[in-house]
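Everything below concerns the one structure shown next.
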Amino acid sequence: MPDQPDGFSQPRLIDWGTALETAARLAAAGPRLPRAIERAQAAAPVFRNRDYPLSPLPLFLRESAVTLVGRQLEAYVRLLEKVAALYLAEAEVRAWYGLPPTATELIEAEAAGRGRDRATRIGVCRLDGYLERDGERLRVLENNADAPAGTLFTPRVHTVVRYVLDAAAVPVPPHAAGTVPYEAALLDAVGPGLAEARRQHRDLSLVVLQPRGAGNRESLEMAAAFRALGVDAFVADPREITVRAGRARVGGRAIDACWNKVNTVAWQRLAHSDPTLTGRWREVLRDSDLFHLNSFLVRCVAESKLTLAMVQEPRFASLFTAQERALVAGLLPWSRRVESGGGLPERLLEHQHDYVLKQPYDIRGDGVTIGGAVSRSQWAEAVGRAVKEAGVVQRYVAPAAYPVLSADVPGGEPIKVVAMPVSLDTYVLRGQVAFLGSKASLQPRVNIFQGGQKLSVHVVAKRPGGPDSTGGPR
């Protein structure tokens, strides 16, 4: 595929004028800034699973560029839903993924109980990407569809940073309409379940699934946030779910919907340790009316890193339109499943620094090996493991850097500004871009659990009758 397909374009996303002027204003705020950060963090609701320093400088983006890229990302999510449908329809596609029997059983039960169309729908996902160092073109690195982290905390990070800017008297341009992250997006994501509950003339009861003893801050906060929005919500272990009289239940408590926060890796471990789990959930999916946000088909297929390769695999090219293939070539870095033969393993060993290896499912960046960040022996071991375990190779994308401010200790060191590689993460709810998030890190993997931190994202409104902002606050 061509590197830049015909008809595909992306403008620069970062509004550098606003970013640099706001950074200068923050750096000049003096003692007001660390005091504002301290007060904001003390008063804010929980907004992070792991503590990290709060940067008061948002990632400023241009509205026209975000609008164009948003349309492309929504089209990509539709393509992921098509891949899920192809998995059900094409035996060759199912064989290529080679999912374990426990996953296959749940996929088949859910497709039979809910219908194929519903099973392929992606209710919520986070598309993680980098802005390329040269040109700031967005490259999508992976899709997270297991009710992804950050759906609640991203709006809260934005709220805390907004408070800091106001308290430090640092003006910023207005947001573009419809781009401000909002906590009520949780209700948008479970909209079909809410609508069905109302049709049945009952209030929505929702469970946030998390194994006993493994609950993270966001799961607990998510249940509380749902309750604040008028939903009867609580956290429970997936092994506690049963079916009676067509309703899913936890003990004697009937539930209408579940936000399954058990990631795919953890679910596989649970199924291995508890042989009854798959059978119990097969009954839940087949015999109850539970609204399951993101089906097991979506979680096991659309989220798999193998899908990054599947949509570029020559043998499957005829399954996609020319427009879909151009979209893939424009958004994704070159990706392939690592297989013996054909010279790919040898190519990876020879050009180590050009590639990244990924396990099909992983969490927190643990299954990612960046060629340029490991020794030759570690890379050779990773290549061998990828051949044996159907790993995925992706061409390395060098991320753009952005200024990150550190000023959260009153009376401590002066305000520091450090250029850090950043991600751009897009939250898509029911097929539409809802809001954006960002992570920054000096580590090879830009991940909160690999020493990174989150940034607020601010989409700068286009001036009426004029181009996007290229200057600073007005």
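The values are calculated or read from the model by the stated rules, or taken from the named source; none is laboratory data. Just so it is clear, the model here is predicted, and its values are computed rather than measured. As a convention, Cβ positions derive from the backbone with ideal geometry for all residues, glycine included, and neighbour counts pool all protein chains shown.
Annotations for the structure displayed:
- Selection count where residues are among the aliphatic types (A, V, I, L, M) and surrounded by fewer than 21 Cβ atoms within 10 Å (Cβ to Cβ), scope the stretch 345-360: 1
- Restricting the stretch 189-209 to residues that are small (Gly, Ala, Ser) and part of a helix (DSSP H, G or I), the residue that is nearest to the chain's Cα centre (by Cα) is Ala189.
- The stretch 274-285 - residue that is in contact with a Lys or Arg (Cβ under 8 Å, 6 or more places away or on another chain) and part of a helix (DSSP H, G or I) and, of those, surrounded by the most Cβ atoms within 10 Å (Cβ to Cβ): Leu285
- Qualifying positions in the stretch 320-344 - surrounded by fewer than 21 Cβ atoms within 10 Å (Cβ to Cβ) and touching a Leu at 6+ places or on another chain (Cβ under 6 Å): Glu324
- Residue match in the stretch 286-296 (condition: surrounded by fewer than 23 Cβ atoms within 10 Å (Cβ to Cβ), under 20 Å from the mean Cα position of the chain (by Cα) and in a helix (DSSP H, G or I)): no
- Residue check for Ala317: over 21 Å from the mean Cα position of the chain (by Cα), outside any loop (DSSP other than H, G, I, E, B), outside the structural domain of Gly135 (by TED's automatic domain parsing) and closer than 21 Å to Val428 by Cβ: no
- Scanning the stretch 334-361 for residues that are farther than 23 Å from Arg299 by Cα and either in contact (Cβ under 8 Å) with a residue 60 or more places away in the chain or of a type in the set (A, V, I, L, M) (or both) turns up Leu344, Leu348, Leu349.
Let's see how each residue does on (1) under 21 Å from Arg247 (Cα atoms); (2) modelled with pLDDT of 85 or more:
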site	(1), (2)
Ala185	no, yes
Gly193	yes, no
Leu204	yes, yes
Val208	yes, yes
Arg212	no, yes
Ser219	no, yes
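- With respect to the stated conditions, Arg118 is at pLDDT below 95 and assigned by TED's automatic domain parsing to the domain that holds Ala24.
- Residue ID - surrounded by the fewest Cβ atoms within 10 Å (Cβ to Cβ), chosen from residues in the stretch 63-81 that are over 24 Å from Gln268 (Cα atoms) and out of contact with any Leu (no Cβ under 8 Å at 6 or more places or on another chain): Arg71
- Residue within the stretch 46-62 that is surrounded by 14 or more Cβ atoms within 10 Å (Cβ to Cβ) and acidic (Asp, Glu) present: no
- When the residues of the stretch 25-49 are filtered to those that are over 27 Å from the mean Cα position of the chain (by Cα) and either in a loop (DSSP other than H, G, I, E, B) or without any contact (Cβ under 8 Å) to a residue 12 or more places away in the chain (or both), the one that is nearest to Glu183 (Cα to Cα) is Ala42.
- Taking the stretch 210-256 as the range and being within 21 Å of Ala195 (Cα to Cα) and either within 21 Å of the chain's Cα centre (by Cα) or part of a helix (DSSP H, G or I) (or both) as the test, the residues that pass are Met222, Ala223, Ala224, Ala225, Phe226, Arg227, Ala228.
- Any hit, the stretch 187-199, residues being hydrophobic (A, V, I, L, M, F, W, C) and farther than 22 Å from Ser288 by Cα: no
Yes or no, residue by residue, for (1) modelled with pLDDT under 95; (2) in a helix (DSSP H, G or I); (3) not small (Gly, Ala, Ser):
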residue	(1), (2), (3)
Trp379	no, yes, yes
Glu413	yes, no, yes
Asp425	no, no, yes
Val433	no, no, yes
Phe449	yes, yes, yes
Lys454	yes, no, yes
Arg463	yes, no, yes
Thr470	yes, no, yes
Pro473	yes, no, yes
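- Qualifying positions in the stretch 16-39 - under 15 Å from Ser406 (Cβ atoms) and among the hydrophobic types (A, V, I, L, M, F, W, C): Ala23, Leu26, Ala27, Ala29, Leu33, Ala36, Ile37
- Among the residues listed as Ala309, Ala326, Ala271, the single one being hydrophobic (A, V, I, L, M, F, W, C), closer than 28 Å to Gln378 by Cα, in contact (Cβ under 8 Å) with a residue 24 or more places away in the chain and not in a strand (DSSP E or B): Ala309
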